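The values are calculated or read from the model by the stated rules, or taken from the named source; none is laboratory data. Computed from a prediction, not measured in an experiment: that's the story for all the values here. No Cβ is skipped: glycine too gets one built from the backbone with ideal geometry, and neighbour counts run over all protein chains shown.
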Amino acid sequence: MSTAPGSPHPASPVEAVLHALFERHRSTLEGQVADYIPELSNADPRAFGICIATRDGHVYEVGDTRQPFTIQSISKALVYGLALQDRGEEEILRRIGVEPSGDAFNAISLRPGSGAPFNPMINAGAIAACGLLDKDAAGSRIARVLEFLSGFAGRALDIDEAVYRSESETGHRNRAIGWMLRNVGILDEDPTDTLETYFRQCAVRVTCRDLALMAATLANHGLHPVTGQVAVQPGAVRNILSVMSTCGMYDASGEWIYRVGLPAKSGVGGGVMAVLPGQLGIGVFSPPLDAQGNSVRGVRVCTDLSRELSLHLFQAGGPLPALRLVYDASKVHSRRRRSPWQRELLAQEGHRIRVMELQGDLVFGSVEPVIRAAHEQASGLRALVLDLRNVLAADEPSLRLLARLQQGLAAGGLSVSLCHARALGPRLVAQGLAPGSLKPDIDMALEAAEELLLSRDARQAGAGAAVALRECELLAPLAPQDLAWLEALMPEQGFAAGEPVVRAGDPGDAMFFLLEGTVEVRLSGPGPGRGRRVDVFTAGMSFGEMAFIDGAPRSADVVAVQPTRCRVLPLAVFERLDRERPQLKIRLLQQVTRQLSTNLRRINAEAQAMRG
């Protein structure tokens with residue numbers, strides 16, 4: 001249903017993607033809720049949430065994104081970063097490897113010779129990392145772990161004591177792993193305290209939204225995107241993401257990085273945390289697990305997100321910001337000359353036409369901020385123009401999001417046009433963009449937006465109608481007797497649509513006053529820009545004054561766009577004014593000077609606006 005301009009617009013295209021994924025997978029009944037830890041068996045298998053957090057802190061979410069659950073093995077990746085900070089990379093690598101094991105997460109397996117766990121993502125490696133943490137002043141490791149994880153979430157986290165007790169009471173296999181690590185010298189002390197710290201670490205309570213922000217913190221080089229606080233040192237982020245890439249999804253890690261292409265970590269509480277470095281974080285929550293201990297819905301959602309938004313790490317890269325410049329039409333106008341009342345209205349209301357100039361390669365990470373900005377700025381706008389002239393390339397998901405942006409905002413009553421699309425035009429239309437929203441260049445796009453804005457004024461209905469010579473803006477201030485004298489010496493000429501009025505190189509021996517119709521000023525000659533429209537004049541306006549004053553040849557073509565009538569002031573008549581009506585000539589020169597000054601000020605204002 002359409003809404004009036006200024007009213008709330010439909011959901012963002014990014015939100016629409018998440019809602020579609022949610023509906024697609026909400027009926028999935030596959031998988032089993034973890035029950036080897038008795039307290040986890042109480043989880044609701046229907047619970048389901050999806051969340052994306054960008055590296056600048058914007059969050060998109062759908063479903064049960066605020067429902068608490070325990071972090072479980074997702075904590076392994078983050079606590080590994082704390083161990084790296086405490087002991088340094090060399091010491092940690094000596095005690096914990098970084099090779100995929102191919103074994104289940106709770107396998108009792110160590111590397112031959114060194115006795116080190118294969119990686120920090122299996123239980124043996126995670127317990128070793130926990131035992132290598134420094135203690136706080138009170139001798140507690142879990143206090144430091146809780147503070148560290150809270151820094152990633154951007155809020156104070158707590159421990160689910162019931163889950164902790166259930167883990168501790170049934171964690172016999174983990175105790176065996178702990179004593180084995182002590183036996184081979186990986187742990188330097190009795191593992192009892194380390195194991196209880198590990199059980200509590202896994203029982204830290206989080207939400208799907210927390211996971212997305214934790215992932216976005218890793219995407220943002222360890223800086224929390226909302227609080228602005230450093231959660232982990234940037235040097236550790238590389239190591240964390242590396243082991244997440246190769247080991248984070250247990251014995252399904254190889255297929256995961258091949259198909260999904262995102263460093264990720266899962267937990268048997270139903271959470272999945274995935275990272276697109278430099279861009280965003282993903283959190284998914286759904287308790288039913290597959291045979292590898294990964295959330296069934298979590299795996300499927302991340303797979304679909306990666307494919308539909310082109311998030312694969314080895315495809316997306318690290319794009320530059322796509323939003324190059326934002327300005328409005330209160331200072332930057334189309335080439336169509338306007339009447340005084342139109343200029344005044346556009347100066348007052350032009351802020352309701354917004355132009356967003358894009359650049360570089362469009363992928364999800366670069367186009368998402370553009371879409372978000374468009375929605376944030378949509379309120380009160382009548383028209384939005386996306387200028388693609390500096391866009392080098394775009395993938396299909398980003399074009400699909402732009403098409404959905406146009407569809408959604410248009411449904412809310414906001415005109416959206418895209419210009420300078422070139423080869424992207426047919427691809428945008430194939431993704432659902434309304435063909436009429438494509439404009440050849442920014443000038444045409446601005447003109448259409450201006451016409452939309454001006455159409456709300458009753459005076460616009462008469463715009464472009466035929467006028468008498470006395471209604472021409474440049475001649476209006478003249479005394480009636482002076483105007484009558486001039487009019488008797490100004491012949492009338494007519495031009496058919498498409499017919500040249502003047503050509504570049506013609507002598508500047510006349511000034512033209514439009515009584516009816518429209519003409520375009522076009523550049524001519526070889527090279528880029530040939531035939532480009534640089535000015536548009538309608539009834540009541542004049543043109544040709546520059547060459548008329550300085551005597552230089554015409555610098556551009558002037559072509560009638562529609563049947564046109566002009567009155568022509570010949571140079572010979574203008575020169576007669578020196579002898580017969582010098583005051584009239586002075587008045588005409590003053591009017592021409594004022595008009596040229598107004599045009600120069602407009603150009604300067606546009607140049608300033610275009611500098612941002």
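A few comments on the model shown:
- Residue in the range 395-412 that is over 13 Å from the mean Cα position of the chain (by Cα), assigned to a strand (DSSP E or B) and assigned by TED's automatic domain parsing to the domain that holds Leu358 present: no
- Tyr198 being among the aromatic types (Phe, Trp, Tyr), buried (at least 24 other Cβ atoms within 10 Å of the Cβ) and not in a loop (DSSP other than H, G, I, E, B): yes
- Note on the range 411-433: residues that are surrounded by fewer than 18 Cβ atoms within 10 Å (Cβ to Cβ) and closer than 25 Å to Leu346 by Cβ total 1.
- Filter result for Leu402 (buried (at least 21 other Cβ atoms within 10 Å of the Cβ), hydrophobic (A, V, I, L, M, F, W, C) and within 27 Å of Gln562 (Cα to Cα)): no
- Residues (of a type in the set (S, T, N, Q) and without any contact (Cβ under 8 Å) to a residue 40 or more places away in the chain) located in the range 352-376: Gln359
- Selection status of Gln348, polar (S, T, N, Q) and over 17 Å from Leu446 (Cβ atoms): no
- Any chance Gln67 is assigned to a loop (DSSP other than H, G, I, E, B), modelled with pLDDT of 95 or more and buried (at least 19 other Cβ atoms within 10 Å of the Cβ): no
- The residues of the range 523-543 that are more than 35 Å from the chain's Cα centre (by Cα) and modelled with pLDDT of 85 or more, listed by number, are Phe537, Thr538, Ala539, Gly540, Met541, Ser542, Phe543.
- Test: residue in the range 487-500 that is touching a residue at least 60 places away in the same chain (Cβ under 8 Å), aliphatic (A, V, I, L, M), part of a strand (DSSP E or B) and crowded, with 16+ Cβ neighbours inside 10 Å: no
- Within the range 576-595, residues that are on the phi < 0 side of the Ramachandran plot sit with their Cβ atoms under 8 Å from residues that are surrounded by 12 or more Cβ atoms within 10 Å (Cβ to Cβ) and polar (S, T, N, Q), at 6+ positions apart or across chains, in these pairs: Gln595/Ser542.
- On inspection, Ser597 does not qualify as modelled with pLDDT under 90 and in a loop (DSSP other than H, G, I, E, B).
- Residues satisfying the stated conditions in the range 107-126, i.e. aliphatic (A, V, I, L, M) and either modelled with pLDDT of 95 or more or closer than 20 Å to Ser242 by Cβ (or both): Ala116, Met121, Ile122, Ala124, Ala126
- The one condition in (1) free of Cβ contacts under 8 Å to residues at least 60 places away in the same chain; (2) more than 19 Å from the chain's Cα centre (by Cα); (3) in a helix (DSSP H, G or I); (4) outside the structural domain of Met541 (by TED's automatic domain parsing) that Gln481 fails to fulfil: (4)
- Complete set of residues in the range 359-389 that are touching a His at 6+ places or on another chain (Cβ under 8 Å) and under 13 Å from Leu424 (Cα atoms): Asp387, Leu388, Arg389
- Picking from residues in the range 146-188 that are outside any helix (DSSP H, G or I) and among the acidic types (Asp, Glu), the one that is farthest from the chain's Cα centre (by Cα) is Asp188.
- The range 317-362 - residue that is part of a loop (DSSP other than H, G, I, E, B) and of a type in the set (A, V, I, L, M) and, of those, surrounded by the fewest Cβ atoms within 10 Å (Cβ to Cβ): Leu320
- Residues of the range 118-136 satisfying the condition of being touching an Asp or Glu at 6+ places or on another chain (Cβ under 8 Å) and of a type outside the set (Asp, Glu): Phe118, Asn119, Ile122, Gly131, Leu132, Leu133
- Checking each residue in the range 199-231 for being among the small types (Gly, Ala, Ser) and more than 30 Å from Ala43 (Cα to Cα) picks out Gly222, Gly228.
- Scanning the range 42-64 for residues that are of a type in the set (Ser, Thr, Tyr) and either touching a Phe, Trp or Tyr at 6+ places or on another chain (Cβ under 9 Å) or at pLDDT below 95 (or both) yields a single hit, Thr54.
- Every listed requirement among (1) at pLDDT 95 or above; (2) assigned to a helix (DSSP H, G or I) is met by Ile92 save one, (1).
- Residues of the range 170-220 that are touching a Pro at 6+ places or on another chain (Cβ under 8 Å) and without any contact (Cβ under 8 Å) to a residue 40 or more places away in the chain: Arg175, Trp179, Arg182.
- Where Leu305 falls short, out of the listed (1) in the same structural domain as Leu414 (by TED's automatic domain parsing); (2) buried (at least 20 other Cβ atoms within 10 Å of the Cβ); (3) touching a residue at least 60 places away in the same chain (Cβ under 8 Å); (4) outside any loop (DSSP other than H, G, I, E, B): (1)
- Members of the range 422-474 found to be more than 28 Å from Lys331 (Cα to Cα), of a type in the set (A, V, I, L, M) and in a helix (DSSP H, G or I), listed by number: Leu424, Leu428, Val429, Ala430, Leu469
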